[in-house]
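Please read the structure below before turning to the comments.
The values are calculated or read from the model by the stated rules, or taken from the named source; none is laboratory data. All figures in this text were calculated on a predicted structure; none of them were measured in a lab. Because the Cβ atoms are built from the backbone with ideal geometry, glycine has one as well, and the counts that use them run over all protein chains shown. To get the accessible areas, we keep the full protein, side chains included, count just its heavy atoms, and leave off ligands, DNA and RNA. Shrake-Rupley method; radii C 1.70, N 1.55, O 1.52, S 1.80 Å.
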Amino acid sequence: MDFYGFEPSSRLFLGTAQYPSPAVLGEAIRASGAEVVTVSLRRESGAARAGQGFWELIRSLGVRVLPNTAGCHSVREAVTTAEMAREVFETDWIKLEVIGEDDTLQPDVFGLVEAARILSESGFRVFPYTTGDLVVAERLLQAGCEVLMPWGAPIGSGRGLNNVFALRAMRAHFPDVPLVVDAGIGLPSHAAAAMELGYDAVLLNTAVAKAGDPARMAAAFAQAVEAGRAAREADPMEPRDMARPSTPVIGRAVLGDA
Amino acid sequence: MTSVAVIGAGVAGLTVASVLAERGAAVSVVDRSPGLGPDQCSWYAGGMLAPWCERENAEAEVVALGMGAADFWAARVPGVVRRGSLVIAPARDSGELRRFARRTENYDWLDREGIDELEPALEGRFQRALLFREEAHLDPRRALSALVGSLEAAGVEVRYGTEAVPDAEWTVDCRGLAAMDRLPELRGVKGEMLYIRSPEVALRRTVRLIHPRIPIYLVPRGDGVYMLGATTIENDERRRITARSMVELLSAVYALHPAFGEAEVVEIGTDARPAFPDNLPRLVRDGRRLHVNGLYRHGFLLAPAMAVRAADIVFGEGTAP
């Protein structure tokens, strides 16, 4: 599975916001083994290149940057931010966020599809942050997206996979589209569960950045993603309602009066 | 007598100059700005002397270096308020308050009665809080001005509006972000803050409101005036506050107490803090030039310990790491 022709060796994508310091961020990225990191571009700092110092630090980590349009509420805002990001980070990759509601940071899926179409037409490789809605997913693919990133739970909530049914349905419905669970992951077990569902990668930020020891948590996530992926490939057993003894009874010694 | 030229009259430079002068060096201070004021980023500092709270989002070294700051300042400048700091969260973010408690130490849990007794202005509004009793705050502008006064009284010349560094055996470079020409790892981290006047709400100590997106603090400056801070944005732009930042700061303080909705906005301030990649301060020695820099969000908290270390090097009792 590749993402617009790029095949990362790690299926863990990491956000770069909210760390105690750039040094801690660097340690966490190294410990995670992530090769793809997201960076949000505040629009106000784009023109003046005022965030240069921080961006230099990210670039020096030798990872692939996936700029995002975090905090954008309209199509136009998202498109402008994406264009700025392309110039600053010299990449046509863009994680597309169009926020529809401030308390849940839920995507505005109508604006998302529209922005995805505009950006795809102007050559961007779009990674859309979306919900678990299959019809929206279909429209995003029609708009030119070749990757889908449904949420696990609201951004920063750490609630895990809120709607496993929807995520499973999306995997089944789009067997050949690279799928990434983006947002809501709080624990390594959530990431492992996403990978067990057959997702191709997970993207998270707060769970690592706000941990007491971000580097250690990043390593834990790396292991969980590996474990979940390996489990998926190993073809897990089907769950059953009734017990089935794991020790065969044939040949068991017969005790008693006989 | 050891002679030392200090470049930069922000909190780092003035603190270094004070410690050196106290220990008998012949000190002079130069600063390129026209005077003590908005050209130094210390001008916009909160002035919190809160090492234990800072641990929530900073390395343990910040606690170790900052523990003595309140004593240092109380011995040298007027207006150090030692009533602790109060950390509160709205009910729906009580999990964030527990996380804050797990990451820090040296506090007591307060219940609603405890909060109301300590800060009657907040009566009935919050159920749980953390009180860091040993923490303090000061007014940075008053403190800097007092330091300049006592330096001058001790015969130390503080010259503004010049970049001409006097001849001296040692140079201590405390230029903050301007020292990027010699310290390429330095970067600016933008901070935005407001001064508001709200005589209706009488808070007696620093109050921090935890919020997952917009954590704020409010430092009383007396007469109903508060410093409301502060954003932390990864860019080095110095002179522009955005509507978004202002809206976020003000809506958070409104959540602390609705009466702040009537507050007068007295001043809007913004500058960039000098920081190294680990957000910890550094002493960097280059021959007889010594840099004290990277105080980041902790200028008044960490300057005293850094000044003592700088003086130890000048007097041959310490080494730069």
- Message: What is the distance in Å between the Cα centroid of region A:195-210 and that of region B:23-90?
- Response: 39 Å
- Query: For the protein assembly as shown, what proportion of DSSP beta bridges, expressed in % and rounded to the nearest 5, is antiparallel?
  - Reply: 50 percent
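Which of rounded, prolate, oblate describes chain B, given a ≥ b ≥ c as roots of the alpha-carbon gyration tensor eigenvalues and a/c under 1.5 marking rounded, otherwise prolate only if a/b is larger than b/c?
Details: a/c = 1.91, a/b = 1.79, b/c = 1.07.
Verdict is prolate for chain B.
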- Query: Can you give the angle from 0 to 90° between the axis of helix B:243-256 and the longest principal axis of chain B, with both taken from C-alpha atoms, to the nearest 10?
  - Reply: 50 degrees
- Message: Suppose we compare each residue of region B:50-73 in its chain alone and in the full protein complex with a 1.4 Å probe; which ones drop by at least 10 Å² of accessible area?
- Response: B:Asn57, B:Glu59
- Message: Helix B:94-103 against the longest principal axis of chain B: what's the angle in degrees, Cα atoms only, rounded to the nearest 10?
- Response: 30 degrees
- Between B and A, accessible area buried - total, square angstrom, nearest 100, 1.4 angstrom probe: 1600 Å²
- Message: Nothing charged except the Cβ atoms of Lys and Arg (+1) and of Asp and Glu (-1): what's the magnitude of the dipole of region A:95-161 about its Cα centre? Round to the nearest 20 debye.
- Response: 260 debye
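Averaged per residue, what accessible area in Å² does region A:77-124 show with a 1.4 Å probe, protein chains only? If you can, show how the numbers build up before the last one.
Numbers: 1990 Å² over 48 residues.
Dividing the accessible area of region A:77-124 by its residue count gives 41 Å².
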- Task: Note down the Stokes-Einstein diffusion coefficient of region A:1-130 in µm²/s, whole number, using a Kirkwood radius over alpha carbon pairs, 20 °C, and 1.002 mPa s.
- Result: 142 µm²/s
- With all protein chains modelled, accessible area of A:Arg64 [1.4 Å, Å²]: 80 Å²
- Query: Residue by residue through region B:292-302, which ³J(HN,Hα) values in whole Hz follow from phi under the Karplus form 6.51 cos²θ - 1.76 cosθ + 1.60 (θ = phi - 60°), with glycine and proline marked x?
  - Reply: 10, 7, x, 6, 6, 7, 10, x, 6, 6, 9
- Message: At 1.4 Å probe size, what's the solvent-accessible area of B:Tyr107? Round to the nearest 10 Å².
- Response: 60 Å²
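Taking the Cα centre of region B:140-281 as origin and charging only Cβ (+1 Lys, Arg; -1 Asp, Glu), how large is the dipole, in debye to the nearest 20? Don't skip to the end; give the middle numbers.
Details: 18 positive and 20 negative charges, 111 e Å.
The calculated dipole for region B:140-281 is roughly 540 debye.
Can you give the relative contact order of chain B as a percent, counting alpha carbon pairs under 8 Å and 6+ residues apart? List each step's numbers first, then the result.
Details: 706 pairs, mean separation 80.5, N = 321.
Once divided by the residue count of chain B, the mean separation gives 25 percent.
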- Identify, among B:Leu302, B:Val27, B:Asn235, the residue whose Cα sits farthest towards the positive end of the charge dipole of chain B, taking +1 on the Cβ of Lys and Arg and -1 on the Cβ of Asp and Glu, with the dipole about the Cα centre. B:Asn235
- Paramagnetic reach from B:Val266 in region B:106-139 [backbone N under 17 Å; point 7 Å along Cα→Cβ]: B:137-139
- Task: Using θ = phi - 60° and the Karplus relation 6.51 cos²θ - 1.76 cosθ + 1.60, list the HN-Hα couplings for region B:32-48 in order, rounded to whole Hz, with x at every Gly or Pro.
- Result: 6, 7, x, x, 4, x, x, 7, 9, 6, 4, 4, 9, 5, x, x, 6
- Message: Given the C-alpha atoms of region B:50-103, compute the convex hull and give its volume per residue in Å³.
- Response: 80 Å³
- Item | Solvent exposure ordering (accessible area, 1.4 Å, most first) of A:Thr104, B:Thr206 | A:Thr104, B:Thr206
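Is the shape of region A:89-176 rounded, prolate or oblate, going by the alpha carbon gyration tensor and its root eigenvalues a ≥ b ≥ c, with a/c under 1.5 for rounded and a/b larger than b/c for prolate?
Numbers: a/c = 1.81, a/b = 1.30, b/c = 1.40.
Oblate, because a/c is 1.5 or more while a/b does not exceed b/c.
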- Item | Spherically averaged projected area of the protein assembly as shown from its Cα convex hull (nm²) | 34.9 nm²
- Around B:Arg221, which amide H atoms from residues at least 5 apart in sequence, or from another chain, sit under 5 Å from its own amide H, with H modelled in the peptide plane? B:Tyr226, B:Met227
- What percent do you get for the relative contact order of region B:142-268 when only Cα pairs under 8 Å and 6+ apart count? 26 percent
- Query: Taking a probe of 1.4 angstrom, what is the accessible area of B:Val266 in Å², to the nearest 10?
  - Reply: 70 Å²
- Taking amide H positions as placed in the peptide plane 1.01 Å from N, state which residues far from B:Ile210 in sequence (5 or more) or on other chains have amide H under 5 Å from it. B:Ile88, B:Ala89
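If you roll a 1.4 angstrom probe over the protein chains with everything in place, what fraction of the accessible area of region A:70-201 belongs to carbon and sulfur, to the nearest %? Walk me through the intermediate numbers first.
On the way: 2660 of 5290 Å².
Roughly 50 percent of what the probe reaches on region A:70-201 is carbon or sulfur.
Just the accessible area per residue of region B:1-120, please: how many Å² with a 1.4 Å probe?
Details: 4800 Å² over 120 residues.
That works out to 40 Å² for each residue.
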- Given a cut-off of under 8 Å on Cα pairs at least six residues apart, what relative contact order in percent is computed for chain A? 19 percent
- Item | With Cα atoms, 0 to 90° folded angle of helix B:11-22 axis to chain B main axis | 50 degrees
- Message: Threshold 20 Å², probe 1.4 Å: give the residues of region B:216-261, in number order, that are less accessible with all protein chains present than with their chain alone.
- Response: B:Ile233, B:Glu234, B:Asn235, B:Asp236, B:Glu237, B:Arg240, B:Thr242, B:Arg244
- Task: Provide the per-residue ³J(HN,Hα) series for region B:114-126, in order, calculated from phi with Karplus coefficients 6.51, -1.76, 1.60 and θ = phi - 60°, each as a whole number of Hz, with x at glycine and proline positions.
- Result: x, 5, 4, 5, 6, 10, x, 5, 9, 3, x, 8, 10
- Query: What percent antiparallel are the DSSP beta bridges of chain B, to the nearest 5?
  - Reply: 65 percent
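Can you show me the helix-derived [θ] at 222 nm for chain A, built from DSSP H runs with n ≥ 4 at -39,500 (n - 2.57) apiece and divided by the number of residues, rounded to the nearest 500.
Working: 10 runs with 105 residues, N = 258.
Calculated from helices alone, the mean residue ellipticity at 222 nm is -12000 deg cm²/dmol.
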